[in-house]
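Just so it is clear, none of the values below were taken in a lab; they were calculated from the coordinates. On a predicted model such as this, the values are computed, not experimentally measured, just so you know.
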Amino acid sequence: MNGPAGRWERASQVLADNWVGSYTVPSRSLYPHQWSWDSAFVAIGLAHLDPARAHRELTTLFEAQWADGRVPHIVFNPRVPPGQYFPGPEVWTSGEIPGTPPVQTTGLVQPPVHGYAALRVYRCTGDRDFLVALYPKLVAYHRYLAEHRDVGGGGLAAIVHPWESGLDNSPAWDQALAAVAADPLVMSRYQRRDLQHAPAEERPTDGEYARYLTLVESYRAMGYADRALGLDHPFVVECPLFNAVFAASELALAEIALVVGARPDPHRQRAAALTEALLARLYDPAAGMFTALDVRAGTRGGARTVAGLTPLLLPGLPARVGETLLASLASARFGLPATSYDRAAPGFDRRRYWRGPVWVNVNWLLWRALLDRGERRLADRVRTGLLSLVERAGYYEYFDPLTGSGHGSGDFSWSAALTLDLLAAGRDPD
Ligand code: 2M8
């Protein structure tokens with residue numbers, strides 16, 4: 001079945017197949033638990049199909065919120081057999097930490113796109129009660145990030161593991177990750193499971209996994225407390241995408257506050273402060289975009305990745321910065337839809353995960369940003385490019401920008417969910 005009707009039905013079917021009763025797994029094979037930012041994107045698609053399921057998706061995630069406000073990056077399904085996903089709950093041992101939910105989780109977070117997603121869900125479903133219940137939890141998550149994660153002291157939230165960025169093996173982290181000791185023995189204690197479902201040449205390397213596990217062990221040894229991050233933890237990085245969606249979600253919280261009867265101004269002020277801090281700390285005019293800051297070293301790696309274009313979401317950028325980002329996005333370095341990494345960079349790899357392929361979720365964010373900026377022509381190129389990729393290849397996790405072939409997991413939830421939103425926009429432009 002080709003054409004919009006076939007795409008809509010197939011996307012709905014992917015989401016139905018990946019629904020496990022109270023949330024949607026990203027993929028039945030590679031990712032059999034609940035992931036934080038995946039659920040935010042999935043809820044946006046579900047809002048077009050079934051408001052109750054969209055609300056439940058986010059509500060279930062926030063039921064696993066820690067007492068300190070953090071929303072864990074994975075909520076483990078106790079019914080999934082041990083060893084189906086690595087690293088599973090036995091590595092994280094969240095149950096030993098006071099203030100954690102009854103369900104097992106990781107101690108990390110993911111980009112705080114949830115406020116932004118909740119507003120889009122509400123605009124589709126019109127259910128005020130959903131927002132009333134979620135608003136204080138979103139506020140608590142943002143408070144956690146502002147109060148516990150400003151390790152660099154400059155007003156941005158730092159990530160303490162590449163998994164927190166969502167762009168796991170992006171070249172944006174190469175420099176900071178190189179400083180993390182990779183004891184070859186680390187991985188002798190563990191067994192990767194991802195390679196049973198995807199080819200090794202499309203996934204992070206064993207060396208990267210060794211460092212990922214070193215970082216998990218470091219943070220776990222601190223009891224996932226953030227006080228000593230600046231002193232003792234070997235990876236502390238400020239990511240442009242993480243902070244851009246943080247600011248965009250603060251702006252969404254201002255809108256939500258108006259609906260639920262709270263004050264919007266503090267949210268607007270925090271969004272403005274985050275925008276200022278992004279400009280002061282991560283804007284790199286020579287690169288023509290924002291780049292990540294290694295807080296420990298005090299240096300920027302300078303890699304041009306798609307994360308550096310996502311501050312386009314922010315209406316408070318100076319005009320010349322917005323124009324520079326648009327020029328970079330439309331240039332041959334990225335193309336439309338954008339690759340995850342600069343096509344001209346020596347390490348560009350069109351099939352390796354976040355080191356080159358096209359991903360639907362970051363392009364969906366860019367599409368929204370372009371629409372909000374009135375860049376209709378560029379927005380349409382992103383939208384039609386994404387729709388043609390999923391139509392030809394299916395709802396894959398990521399796509400080879402040269403051939404359009406799909407890679408990673410098939411029947412991947414956020415690719416299906418955000419396609420529904422792209423298709424709905426074609427029927428009812430906003
Ligand atoms: C990928 O990350 C997980 C770890 O969190 C993994 O590789 O096992 C990333 O693409 C991340 O952004 C995504 O949320 C997750 C589930 O789709 O998979």
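Descriptive notes on the structure:
- Helical segments meeting 20 Å axial Cα length and Kyte-Doolittle -1.0 threshold in the chain (DSSP H): 3-18, 128-148, 206-221, 240-260, 265-282, 376-393, 413-427
- Seen through its C-alpha gyration tensor, with square-root eigenvalues sorted a ≥ b ≥ c, the range 46-87 comes out oblate because a/c lies at 1.5 or above while a/b is not bigger than b/c.
- The range 1-149: relative contact order as a whole-number percent, Cα under 8 Å and 6+ apart: 23 percent
- 22 Å tail of the calculated P(r), the range 1-75, as % of Cα pairs: 24 percent
- Between the C-alpha center of the range 294-368 and that of the range 84-136 there is a gap of 26 Å.
- Here the extension length gained between ALA272 and VAL132 equals 48.0 nm, from 0.36 nm per residue of separation less the Cα-Cα distance.
- Part-to-part distance (alpha-carbon centres) for the range 369-430 and the range 30-45, which is given in Å: 17 Å
- Rounded, prolate or oblate (a/c below 1.5 giving rounded, otherwise prolate when a/b exceeds b/c) for the range 354-393 by Cα gyration tensor: oblate
- Share of Cα-Cα pairs in the range 277-416 lying beyond 26 Å, as whole percent: 23 percent
- The chain: equivalent-ellipsoid semi-axes (sqrt of 5 x gyration tensor eigenvalues, Cα, Å): 27, 25, 24
- Reducing the range 238-261 and the range 151-205 to their Cα centroids gives an inter-centroid distance of 26 Å.
- Taken along its principal axes, the alpha carbon cloud of the range 114-215 reaches lengths of 51, 38, 24 Å, longest axis first.
- D (Stokes-Einstein, µm²/s), Kirkwood Cα radius, the range 1-127, 1.002 mPa s at 20 °C: 140 µm²/s
- Cα gyration tensor category, rounded, prolate or oblate, for the range 290-340 with a/c compared to 1.5: oblate
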